[in-house]
Amino acid sequence: MRALVFAICLAGLHLTSLAACIEPPADGRERDLAISRITSLPEAHALIKSSPIPVIFQPGQAPEPHGSKCYWSIAIYEDHKTHLHALHFFLVESPKGELLAQDPTTGEFISIERWRESRLRRGLSPNQLQGLPAASTPSH
């Protein structure tokens with residue numbers, strides 16, 4: 001019986017924590033912090049400096065559940081005049097700030113450290129977001 005009560009309590013805590021994902025904060029501070037976590041990445045700085053096409057950092061409209069936590073989704077796009085081209089997708093935990101990046105080969109969200117290691121194994125420079133081989137990166 002104790003195990004059942006404990007399981008119900010845990011389920012209630014889990015649902016309570018995810019309920020906070022439903023209603024976005026009215027002041028937008030958490031969203032802005034999530035965006036700044038992504039725009040402050042060295043990879044994002046390099047992308048902004050090197051891309052001949054405008055880059056957009058697009059947040060989701062509200063935090064969303066991922067596993068047992070709430071995250072803001074932040075997508076990075078190139079803004080071609082006729083369409084947007086998706087480059088990368090990130091999740092930023094709300095409000096703590098854990099950062100996950102989508103692995104382009106598996107679609108899985110992984111830690112930023114694993115994402116960077118994966119990129120290095122594929123021959124991409126640490127400060128490059130476009131996905132071109134490191135040797136092709138324009139220098140400015």
Inset, instruction - Working only within the stretch 55-66, note down all residues that are in contact with a Phe, Trp or Tyr (Cβ under 9 Å, 6 or more places away or on another chain), over 12 Å from HIS88 (Cβ atoms) and free of Cβ contacts under 8 Å to residues at least 40 places away in the same chain. - result: PRO59, GLY60
Legend entry - Cross-chain or 6+ apart pairs with Cβ under 8 Å, the stretch 88-106 first and surrounded by fewer than 15 Cβ atoms within 10 Å (Cβ to Cβ), then acidic (Asp, Glu): PRO95/GLU30
Legend entry - Meets criteria (touching a residue at least 60 places away in the same chain (Cβ under 8 Å) and closer than 20 Å to GLU108 by Cα) for ALA46: no
Legend entry - Residue, surrounded by the most Cβ atoms within 10 Å (Cβ to Cβ), within the stretch 35-72, restricted to residues that are at pLDDT 90 or above, outside any helix (DSSP H, G or I) and among the polar types (S, T, N, Q): GLN58
Inset, instruction - Select from the stretch 80-109 the residues that are of a type outside the set (D, E, K, R), out of contact with any Cys (no Cβ under 7 Å at 6 or more places or on another chain) and within 15 Å of SER68 (Cα to Cα) and write down the one among them that is modelled with the lowest pLDDT. - result: PRO95
Inset, instruction - Could you grab me the full set of residues in the stretch 54-84 that are of a type in the set (Gly, Ala, Ser) and within 19 Å of ASP27 (Cα to Cα)? - result: GLY60, ALA62, SER73
Inset, instruction - Name the single residue, out of those in the stretch 67-87 being in contact (Cβ under 8 Å) with a residue 24 or more places away in the chain and closer than 16 Å to PHE109 by Cα, that is nearest to the chain's Cα centre (by Cα). - result: ILE74
Inset, instruction - Take LEU18 and decide whether it is touching a strand residue (DSSP E or B) at 6+ places or on another chain (Cβ under 7 Å), at pLDDT below 90, in a helix (DSSP H, G or I) and not small (Gly, Ala, Ser). - result: yes
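The values are calculated or read from the model by the stated rules, or taken from the named source; none is laboratory data. Given the structure is predicted, the values throughout are model-derived calculations rather than measurements. Here Cβ is always computed from backbone atoms with ideal geometry, including for glycine, and neighbour counts include all displayed protein chains.
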